[in-house]
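Here is the structure we will look at, set down as structure tokens.
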Amino acid sequence: MNLYVLLKMVPDTVEELNVAADGKSLDAEFLRFKLSDPDEYALEQALLLKEQHGGSVTVVALDAPEVDDVLFTALAKGADRAVKIPIAQAGLGTVAAARVLADFLGSAPFAPDTLVLPGSQAIDDLEGELAPFLAAALKLPYVGVVCGVTPANGRVTVIKEFAGGLRAEFDVTLPAVLGIQSAEKPPRYVPVAKVRAVMKSAQIETVDLPPPARPGQLEIERTYKPEAAGRAEMLEGSPDEVADKLVDVLAKISVI
Amino acid sequence: MANATQSPLPNSTWKPRIVAFFCNWCTYTAADLAGVSRMKHFSNVRIIRLMCSGRVDPQFVLEALAKGADAVLIGGCHPNDCHYVEGNYKCLRRYQMLKRMIADMGIEPERLRLEWISAAEGEKLKRVVNEMVETITKLGPLGLPQKFEQWDREMEEFANHVAARDAAAGGGCAEHGTNTQPLETAHA
Amino acid sequence: MVALLEPAVVDKATTLETLLETPAGKRMMTCIQCGTCAGTCPYGEHMEFAPRLVINMLRGGFIDEVIKSDSLLRCVACYACLAKCPRGIRLTDVLLPLVKEQVLVTRTEIPAEFQKSLENMHRYGNPMGESPRKRAAWTATAGTKIPILAEVKRTVDVLWFVECYPSFYARGQDNCRAVAKLFQALGVDFAILGNEEKCAGECGQVTWESGLFESLAEDNMKLFKKYQFRRIVTADAHAYNAFHFRYPMFGLTQPAEHTTQFFARHLDQLKPRLTRPVNRTVTYHDPCCLGRATGSYDEGRALLQAIPGVKLVEMVHNRVNSICCGGGGGGMWLDTYYKQKGMERLSERRVREAVATGADVLAVSCPYEISRFEDALKTVPHDKPMVVRDVVELLAESLA
Amino acid sequence: MKPIVPKKNEPVRIGFYICHCGTNIASVVDVEAVAKYAATLPNVAVSRTYKYMCSDPGQELIQQDIQESRLNRIVVAACSPLLHEHTFRKATEAGGLNPFYFQMVNIREHDSWVHTDRTEATRKAMALARAAIQRVPHHKPLEVKKVGINPNVLIVGGGIGGIHAALTLANAGKMVYLVEKEATIGGHMAKFDKTFPTLDCAMCVLSPKMAAIGSHPNIHLWTYSEVAKVDGYVGNFKVTVRRKPRYILEDLCTGCQECVNACVYKDAKFADEFNLGLGKRKPIFLPFPQAIPPVTMIDPEVCLNFKRGKNPDGSHTVSDKCKKTCVEACGDRKAIDFKQTQEIKEITVGTIIVATGFQIFDARRIPYYGYGVYPNVYNALEVERLINASGPTEGEVILRNGQVPKKVAIVHCVGSRDENTNRWCSRVCCLYSLKLAHLIKEHTHAEVYNFYIDMRTPGKGMEEFYNRIAEEGMHLIRGRVADVYPDPNDGATGRLVVQAEDTLTNKILKIPVDMVVLATGLEPHPEAESLRRMFNLSCSSEGWFLERHPKLAPVNTFTDGIFLAGCCQGPKDIPDTVAQAGAAAAEAFALIDKGHVEQEPNTAYILDDCCGCKSCIPLCPYTAISFAEDTKKAIINETLCKGCGTCVASCPSGSIVQNLFEDVEIYSEIDGVLAEGLF
């Protein structure tokens, strides 16, 4: 199979997110970036498909801090090609990003067994816009919130998750775009030694594309932290006392 | 048979030449034990057997160096273990004296080594030999015979120079010319 | 009696393929298959390939089968096999880590908790995935000013390497406060690395991941080269182990000491200050990285005996025969996995022995043990109350 | 054959022979090339290679060449001179030359066995050959010196080895001094119950021999005695023996033990050494019922008639505080002497047999076996005493709490085959463990588990013994015990768990047992080091006394006239000890029977140009050099000179010459080994 995984960098929330002085953007001083979680699964899904059905995996990313480490790690895990598009992801916006990626993917005719696997959503794209926009731009079928992919006879059966734990199977013709929510297995571990070896031996390809004409589709007016509601009550005292008070509270609200 | 000529400079073919004086009872036997135990070591050490390390005449050491050895190793019984009661102590004293002497001659102290190696210490023998070969390989050749020749040449040139100067000064001085003679033969 | 490990004898370039050609590998060729390693291994009975068999599979060219099995996920790097091996074969620090690393490279699935810890160590320099910027946050509670090397700008005598658990884990910070108090009492000229410090990486190297260890060691070595100090002192037995044996391979020249060793060395100065009696019966658990790995059995005990009122009692398994807390070699993050596989937690096995001594206090000298034994005490039934305390905490308690 | 005496100024004609030693030498050294090279050196008339120079045809080759090619010097390049110098000297002599016209080159131990590069090894052989070829023209004809031999023999150690050697020599009419450190002879064997593989009773075999020692007219038996000093050399050793006070006059004591019964201590309450502390004795006691000599002794540390503690000189002070009921009981025999002091004996002997035995490994050195911590962990020797009918429990195998064990584990290889303790296999433990397994089962019907690494049963009848024991239904488990600890499920009964991997089934076993028996290995005596110094012996790195040659001279030492017997040379069983003791006795006897010893003529002498500076005189450790007032020159007493050469090296005027090691000979060697192009 011809598998494309689209990797997106998102802010690492291990560090506290602070609003910058402009009141709109994030304070970059301690901001670190990591690979978006659903994208990790998308990569794992692609690697599993490759292991089971053959083919090649290409990982594609826009430029962002720490993105090279992520691309090398993907290669160490088993991706065959890593492509970086030197257009900054920051400030680009989901729709414009989808357009750039579509330019890259659509620059040549698709092989019939192509699957494009973006993450179904990201912490800064909870709407999950990227994947459908991309599918629309490429004029390919699309299924989102996918948690299982099984190819057979030039088509794929995908499992989509619905609210309440319901699942549905879809039969999709190829090529297609699948927004991946999770893979059949958790993302694999790759030893650091292997990543370091790959960094010495492998290359990241750079594909120059014209920047999109209209970068952002949304204007941010204000970014802020939610204010504390102040409704929490701190129970104090020895563990036994706290336990007693807690029982009272729970009883009062008829939980127990 | 190789017809290698001795080069005064270290090169890829140069290997240190080490003469070893081992006492019959301990260290020579240790070398036998190393053999029986097939403990492989460098082949550059040539062993001369004496009955006791006390028999090692300081002149043996100097002779070996003068004849082209790059280093000398002396092996005797451990203190208190000498087959002849205390020959090894006598050896130790001579060794200390030799150490000072060779230092005065500009020879690195590592080129003379004394080790107590008992008949049971085949392993130690192997270690000492290998260490010594490695140390001397790093130090490079001593080349005392070549140095002697060079010194003799320098003395001769000096004598000639003096003779020429005296001749130029007129009159000359017979004494200078003859005085070089003992110096030239001093190392013979 | 134990074949003590000498520092820096393991060549970091050695692989499983080249191992048998090395001096350590030649020693493996002398294995007499006596089974002492398997017999003493705390999880030996749960291994398809116990250490003895690993050696024979390697010699016979069947090591791939070992790598495919999950046997070595069950090795807690406790040095028991190595310490008792009649051939002095370097299992814990040479053979088993090499095999384990291949297990890691080959297996696509490893226990999630463990994988997360390794990824965290790599990304954040600590296994908990805490913000590296909060590494020195504990110093605010130290009760005294903790100097930071980047700020003091001069040569200090002691670089105090705090390490992850004492930095981030609440009970570990008690250890830090105790060390700070003792350093102050002794007038030690010390400083810490602060937020720059990263995990020493011992569990990475000894257990799984040479690459992870190397990246952490290289980062820490950059700091060690940047600052001037005469020695490293650390309360983490694992970090001590790494500094003692492995960091010299990366260029560390200063000596490393564990806090128990450091304070035992200064016991003459410390003892007159230990005036507040601690009237409790104490049993001492030998950490593997300090005991079997370096032969340091006496320091912890000497410190405890210097505390007025302390009565020291021994568990059935002590010193070279001590039982591991189960936290080494990645075991710290494999408890769930072990439980799934029906394996008893070693911390519980150990705590049962501690309870049997009738002691009030289980004294430890490795930060892993605090959390492991406190957890185990919650599940192991015992009539008499027992608390877990680091030796330095007890010392600080006795300090007037 | 008429001796060939080289005429003065006759040209030197050297025969050079290089030995292939099968492939030992020839596979590494190009012997043909060495022979060709030697042929080009001055004075070499014949240069040959031969497969085995030490064989008869090899030696005959030398003899033939001497006659046919008029050779007058012989050089053989082969193994170490310590091995075959003697052989080739004899061959040289048989060819009609003085044997000292021979020189040997060591190209096996010092060359082919320690080097791998053929070119380098060949060059080294050439250089060493050249050294000998340059040296040998300077050799002089020398005479071997003969010195008379004292026929008396000293045997150190009264175990089965010493006993057997002593009886062999005494029966042959030689006077034997048998010195034993303990108060009785018998050694370890006297403590055993039965012996493998025949399971016959140890004391039934040993006690007649012990009694024979006690009564033999040719044997001076000195027990509770130690050799303090040894001087002299083969044929004429001067030995000082210290006899420690046992406070009983041996000649007067009849061994009636009335003193023991009469002792003010009604009950025996002190740990009994012979039973390894498992039994008790009184302050006055007989070491054990069959002790030889059958003489009691007093332990001054606990006897009430002595002050506690030793004086700085090791003696004890009499307090005279006891009622001395023992003296009363002894009556007219008057054998008790509280004032006895140590006695120093000086003897002269011609030969010495060292049979000082071994000690058992101290199992506390392996802490995880719990010896000394858990009362139910025993060492094997203790169990021998428990099984023995004359032991502390009169042959009942019972635990310290009096119970009979139902399950017993025997742990093999305790302190043996272990880098952390002793590396060697102690050879007897597998077999004695099988024996103990049988005896324990016989006495207690217990389940017996033998944990072994490898079952080693070499020797006549031993494998059959193993099969027999296996048939009896022992549990034989291949796996070294890794841990012994109290059974956590068993309260305080003292039951232990033995943990090991059964390496044949890959199972970890945790077997609860009532008794653990540690098959402790054998190790050199702690005094071996001081004995070694005293007798000028060598030790292997393990500490066992080193025999001169492991195959060809297994009871000889590097010191002429001193022989080894038994476990002081290495672990061995009783049959091997006795065989070796017999061999040592035969070697001693052969020397005595010859009547003289030959000494290397490597002594030193002083030339006429001695300037009389006297600097050599204090250097000689044998006071062989004196100053002749009339000639004002030093003189060396040839009979006192041992040939070390220390004086030679120190003579400022070069006036001392050492035979066989003359300066000119050494200088020739130095020149030879440094030959150009041979490095």
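The values are calculated or read from the model by the stated rules, or taken from the named source; none is laboratory data. Source: prediction; values computed, not measured. As a convention, Cβ positions derive from the backbone with ideal geometry for all residues, glycine included, and neighbour counts pool all protein chains shown.
Listing for the model above:
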| item | result |
| --- | --- |
| Residue list for the stretch C:27-47, filter: at the interface with another protein chain (Cβ under 7 Å from one of its Cβ atoms) and not small (Gly, Ala, Ser) | C:Ile32, C:Gln33, C:Cys34, C:Thr36, C:Thr40, C:Glu45 |
| Residues within the stretch C:104-114 that are touching a residue at least 60 places away in the same chain (Cβ under 8 Å), part of a helix (DSSP H, G or I) and more than 7 Å from chain A (Cβ to nearest Cβ), tallied | 2 |
| Residue within the stretch D:612-626 that is touching a residue at least 24 places away in the same chain (Cβ under 8 Å), crowded, with 22+ Cβ neighbours inside 10 Å and out of contact with any Phe, Trp or Tyr (no Cβ under 6 Å at 6 or more places or on another chain) present | yes |
| Residue list for the stretch C:115-133, restricted to those being in contact with a Gly (Cβ under 6 Å, 6 or more places away or on another chain) and either within 8 Å of another protein chain (Cβ to nearest Cβ) or touching a residue at least 12 places away in the same chain (Cβ under 8 Å) (or both) | C:Pro132 |
| Subset of the stretch B:63-80 (residues that are touching a residue at least 12 places away in the same chain (Cβ under 8 Å) and either under 13 Å from the mean Cα position of the chain (by Cα) or facing another protein chain (nearest Cβ under 7 Å) (or both)) | B:Ala64, B:Leu65, B:Ala66, B:Lys67, B:Gly68, B:Ala69, B:Asp70, B:Ala71, B:Val72, B:Leu73, B:Ile74 |
| Residue in the stretch D:607-651 that is farthest from B:Asn24 (Cα to Cα), counting only those that are among the hydroxyl-bearing types (Ser, Thr, Tyr) and away from every other protein chain (no Cβ under 12 Å) | D:Thr631 |
| Among (1) within 14 Å of chain B (Cβ to nearest Cβ); (2) in contact (Cβ under 8 Å) with a residue 60 or more places away in the chain; (3) touching a strand residue (DSSP E or B) at 6+ places or on another chain (Cβ under 9 Å) - the single one D:Phe661 does not satisfy | (2) |
| Residue match in the stretch D:253-275 (condition: in contact with an Asp or Glu (Cβ under 6 Å, 6 or more places away or on another chain) and either surrounded by fewer than 16 Cβ atoms within 10 Å (Cβ to Cβ) or in a loop (DSSP other than H, G, I, E, B) (or both)) | no |
| Residues located in the stretch D:664-679, provided they are surrounded by fewer than 19 Cβ atoms within 10 Å (Cβ to Cβ), within 10 Å of chain B (Cβ to nearest Cβ) and touching a helix residue (DSSP H, G or I) at 6+ places or on another chain (Cβ under 7 Å) | D:Asp671 |
| Selection count, the stretch C:355-385, where residues are crowded, with 20+ Cβ neighbours inside 10 Å and closer than 26 Å to C:Tyr240 by Cβ | 15 |
| Residue within the stretch D:388-411 that is farther than 22 Å from D:Thr577 by Cα and within 14 Å of chain C (Cβ to nearest Cβ) present | yes |
| Residues of the stretch A:41-67 that turn out to be under 19 Å from A:Ile85 (Cα atoms) and of a type in the set (Asp, Glu), as a count | 2 |
| Helices (runs of 4 or more DSSP H) wholly inside the stretch C:182-299 containing at least 1 residues that are crowded, with 17+ Cβ neighbours inside 10 Å and touching a Gly at 6+ places or on another chain (Cβ under 6 Å) | C:210-226, C:259-265 |
| Residue that is nearest to D:Ala190 (Cα to Cα) [pool: residues in the stretch D:286-311 that are within 32 Å of the chain's Cα centre (by Cα) and assigned to a strand (DSSP E or B)] | D:Met297 |
| Leading residue by the ranking (surrounded by the most Cβ atoms within 10 Å (Cβ to Cβ)) among those in the stretch D:482-528 that are without any contact (Cβ under 8 Å) to a residue 24 or more places away in the chain and in a loop (DSSP other than H, G, I, E, B) | D:Asn506 |
| Candidate set from the stretch D:537-551 (those that are free of Cβ contacts under 8 Å to residues at least 40 places away in the same chain and over 13 Å from B:Thr29 (Cα atoms)); member that is surrounded by the most Cβ atoms within 10 Å (Cβ to Cβ) | D:Trp544 |
| Qualifying residue in the stretch A:157-178 (condition: within 30 Å of C:Ser210 (Cβ to Cβ), touching a residue at least 60 places away in the same chain (Cβ under 8 Å) and part of a loop (DSSP other than H, G, I, E, B)) | no |
| Residue that is buried (at least 20 other Cβ atoms within 10 Å of the Cβ), in a helix (DSSP H, G or I) and among the hydrophobic types (A, V, I, L, M, F, W, C), where the choices are C:Leu20, C:Leu73 | C:Leu73 |
| Top-ranked residue in the stretch D:94-118 [being among the polar types (S, T, N, Q) and facing chain B (nearest Cβ under 10 Å); ranked as nearest to D:Glu60 (Cα to Cα)] | D:Asn106 |
| Leading residue by the ranking (farthest from D:Glu419 (Cα to Cα)) among those in the stretch D:536-553 that are at pLDDT below 85 and within 7 Å of chain B (Cβ to nearest Cβ) | D:Asn536 |
| Any hit, the stretch A:89-98, residues being under 24 Å from A:Ser25 (Cα atoms) and modelled with pLDDT of 95 or more | no |
| One residue from D:Ala121, D:Ala125, D:Ala91 being in a helix (DSSP H, G or I) and away from chain B (no Cβ under 14 Å) | D:Ala91 |
| From B:Tyr84, B:Tyr95, B:Tyr89, residue being within 11 Å of chain D (Cβ to nearest Cβ), assigned to a helix (DSSP H, G or I) and not charged (D, E, K, R) | B:Tyr89 |
| Number of positions in the stretch A:40-68 that are assigned to a strand (DSSP E or B), more than 13 Å from the chain's Cα centre (by Cα) and within 17 Å of A:Gly78 (Cβ to Cβ) | 3 |
| Hits in the stretch C:23-72 (condition: of a type in the set (A, V, I, L, M, F, W, C) and closer than 13 Å to C:Thr92 by Cα) | C:Ala24, C:Met28, C:Cys37, C:Ala38, C:Cys41, C:Ala50, C:Val54, C:Ile55, C:Leu72 |
| Counted residues, the stretch D:348-370 - those being buried (at least 18 other Cβ atoms within 10 Å of the Cβ) and assigned to a strand (DSSP E or B) | 7 |
| The stretch D:200-217 - residue that is more than 20 Å from D:Cys567 (Cα to Cα) and in contact with a Leu (Cβ under 8 Å, 6 or more places away or on another chain) and, of those, surrounded by the most Cβ atoms within 10 Å (Cβ to Cβ) | D:Ile213 |
| One residue from D:Arg456, D:Arg417, D:Arg427 being of a type in the set (D, E, K, R), in a loop (DSSP other than H, G, I, E, B) and within 11 Å of another protein chain (Cβ to nearest Cβ) | D:Arg417 |
